[in-house]
Structures are given as structure tokens and as C-alpha cells.
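I have placed the structure first, in the form of C-alpha cells, so that the comments after it can refer back to it.
The values are calculated or read from the model by the stated rules, or taken from the named source; none is laboratory data. Quick caveat, the model's predicted, so the values are computed rather than measured. Ideal geometry is used to build each Cβ from the backbone, glycine not excepted, and the neighbour counts take in all protein chains shown.
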Amino acid sequence: MNDAIVRLRANISSVFLGKAETIDRVVCCLLARGHLLIEDVPGVGKTILATAIARSIDCSFTRIQLTPDMLPSDVLGVSVLDRDSGEFRFKRGPIFANIVLADEINRTTPRTQSAMLEAMNEASVSIDGQTMALSQPFMVIATQNPYEFEGTYPLPENQLDRFLMRTHLGYPSTEDEVRVLELRPALTAINQLEPVLTRDELLGLQRAVDEVRVEKSLLDYIVAFANATREHEAMRVGLSPRGSLALAQAARARAVYQGRDYVIPEDITVNIAPVCMHRVITKAHLVNGSARTIERVLIEVLEQIDSPA
């Protein structure tokens, strides 16, 4: 399993020349069966990173370029009349894939955004009174521009809550940007990327994550942190029980990523920002505008809780 993770990470890093910790984070999200939201300004590599993840796995992949005029049927599918039989047949939409890249998700309307809620939460789609299960593994990797950009629709809180992690890429270092100019991965390497992980290998890694041991003291630590966010004077909405579950699952994934079958406190603390920042709301209504402020409050809360020995 360690060899599979090493191959996956190396394949992604061959085209995404950004921060190493970003790759670590997104691979952990994949292992945890989570959905990933990548937010940053245009041109820093969001789409390249998402595409590299999808192409590194030997399973079905679709890309949805979301626009303001898209309808829910453009994502989920639509029933069309078969003139030969006179019956309606369902034509599946791009959501029916193992890895779905939803590019610029906040450029489409809330109606179309909401069409993805059931798929992300239940791994199924309900259309015309029928529920259709999505094949496993299933992961949505969404990119979005900052909300202050023109033509964006803020993602509602219930939509954000379906993403296991929300991450920002930031600008590359000077050395990495020089490498981007030299190699131009968007024009060359990304088109030559080959899968290095089979579908069965990925499912095996995800099952290994589910079997990771979490001592009760660490579960108490997560719950104590969640309760502290709900009671903190700067918070309007604290971490929900779903958020606590997400934090525990992300910690299990990091343990597998590090080659362990048990969780340590650091597996929890390093996931506080990516897992929790988009699940809480401050009284100053900074959920979309000041990620640094929210992160500072979460760190302040964390420092008030004794870490298990």
C-alpha cells in the first residue's frame, strides 16, 4: 500500500509543480473517500492538480465546465424519447463517473449546484422517482474562484459541508515557478500522464483507512474541539457532528498515508484547517471573506484543549 501511495504522489507531482503539502492533502482526501474543493485565483494550477489526480487512477473520469446557463439535467442526465420503441430512456450525465472534475463550481447557479448534493452525500442520484447508485470509488473535485470575482455564486453552507476538505493553493515558490515556465506542464506533461493506480488498489486503500484504529482519548479530543468551537465567543456556528466525523476520517487517512494503522494527535491537528474552516461561521460573517481569520480562531480554540499523551 505504501508503494501505491508513493506512485500516486510521484505521478501527481510530475505535472503539478506546487507545494508538496498540497499534494499530501489531496491524496489523503482521496483515501478518505472525501470530496475536495480547491479555491484560489485563476492561473495557479487548480485545474492541473484536479486533472492530475483523476488521470493517475485507472477509472472513469469526466470534466464538467460549469457555467451560469447550465441546468441540473446537464449534470445529472435527462430522459429522452426513443423514437423506435416509443419509450423514454435515461441518458446519464457526467456525474456518473468515478472521478468528477467540477471546474469553477461557483460560476453556476445555486439550482445546479444543489443538483450535486445527493450525489456527494449519498453516492446516488434520484431522477424520475428512481434512485441510481453511483459506482465506487466516487469523488468530486471542484475548483472555484474567490467570491469577489465577477460572475460567481457563493456556495451555500450545506453544499460546502459535503466537501471533506477545502484547500487553497497559493502562489508557487520562485524555483517552482521557474520550473513551470521551463516545462509548461499544462501543454505537455498533463496530456501524457498515465494511470499508476488501479481502481481495485484505490478501493483497497480506502478500506484500509476504515480499519485504522482511533483510541477513545483521541475521539474525546475531537469532540472536545467541536464543543469548544460551538461555545467560542467569536463563533456563530460551530463544528457539527458531521464535521467531527469528517475530522476523524481525515485523521485515519493521514495515518495510512504515513504508513500507520493507528491515529496520533498530529493526524488530527494538521487537518483542522482543511476540514473545519468551511464548516464554521464566525459572528463577523467571515465564512467566505477571511480564511486567515477563521483559521486563527480555530487554532486559538485548539490551543485551549489538552492534547492526549
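Summary of values
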{"read-out": "Residues of the stretch 150-184 that turn out to be hydrophobic (A, V, I, L, M, F, W, C), surrounded by 13 or more Cβ atoms within 10 Å (Cβ to Cβ) and out of contact with any His (no Cβ under 7 Å at 6 or more places or on another chain), as a count", "value": "5"}
{"read-out": "Residue list for the stretch 234-271, filter: in contact (Cβ under 8 Å) with a residue 60 or more places away in the chain and in a helix (DSSP H, G or I)", "value": "ARG242, GLY243, ALA246, GLN249, ALA250, ARG252, ALA253, ARG254, VAL256, TYR257"}
{"read-out": "Candidate set: the stretch 152-202, residues that are basic (Lys, Arg) and part of a helix (DSSP H, G or I); chosen: the one nearest to ASN271 (Cα to Cα)", "value": "ARG199"}
{"read-out": "Residue match in the stretch 120-127 (condition: under 17 Å from the mean Cα position of the chain (by Cα), part of a loop (DSSP other than H, G, I, E, B) and within 21 Å of GLN206 (Cα to Cα))", "value": "yes"}
{"read-out": "Verdict on GLY18 being assigned by TED's automatic domain parsing to the domain that holds PHE138, free of Cβ contacts under 8 Å to residues at least 40 places away in the same chain and small (Gly, Ala, Ser)", "value": "no"}
{"read-out": "Count of the stretch 42-96 residues which are touching a strand residue (DSSP E or B) at 6+ places or on another chain (Cβ under 7 Å), β-branched (Val, Ile, Thr) and surrounded by 18 or more Cβ atoms within 10 Å (Cβ to Cβ)", "value": "7"}
{"read-out": "Residue in the stretch 149-161 that is closer than 20 Å to ALA250 by Cα and among the hydroxyl-bearing types (Ser, Thr, Tyr) present", "value": "no"}
{"read-out": "Qualifying residue in the stretch 130-137 (condition: within 17 Å of PHE16 (Cβ to Cβ) and within 22 Å of the chain's Cα centre (by Cα))", "value": "no"}
{"read-out": "Options THR282, THR293: the member that is within 24 Å of ASN106 (Cβ to Cβ), without any contact (Cβ under 8 Å) to a residue 24 or more places away in the chain and surrounded by fewer than 21 Cβ atoms within 10 Å (Cβ to Cβ)", "value": "THR293"}
{"read-out": "The listed residue being outside the structural domain of PHE163 (by TED's automatic domain parsing) and farther than 25 Å from ASP58 by Cβ, out of ASP128, ASP84", "value": "ASP84"}
{"read-out": "Residue, farthest from ARG296 (Cα to Cα), within the stretch 207-257, restricted to residues that are crowded, with 16+ Cβ neighbours inside 10 Å and of a type in the set (D, E, K, R)", "value": "ARG252"}
{"read-out": "Any hit, the stretch 185-206, residues being surrounded by 12 or more Cβ atoms within 10 Å (Cβ to Cβ), of a type in the set (D, E, K, R) and closer than 22 Å to ARG242 by Cα", "value": "no"}
{"read-out": "Search result, residues across the stretch 182-216 that are closer than 17 Å to ALA52 by Cα and among the β-branched types (Val, Ile, Thr)", "value": "THR188, ILE190, VAL196, THR198"}
{"read-out": "Hits in the stretch 54-108 - residues which are among the hydroxyl-bearing types (Ser, Thr, Tyr) and free of Cβ contacts under 8 Å to residues at least 12 places away in the same chain", "value": "SER85"}
{"read-out": "Output for the stretch 138-154, where each listed residue is under 14 Å from the mean Cα position of the chain (by Cα) and not polar (S, T, N, Q)", "value": "PHE138, MET139, VAL140, ILE141, ALA142"}
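Here's the yes/no breakdown for (1) hydroxyl-bearing (Ser, Thr, Tyr); (2) within 21 Å of the chain's Cα centre (by Cα):
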| position | (1), (2) |
| --- | --- |
| PRO156 | no, yes |
| ASP161 | no, yes |
| LEU187 | no, no |
| THR198 | yes, yes |
| LEU205 | no, yes |
| LYS216 | no, no |
| ASP220 | no, no |
| GLU233 | no, no |
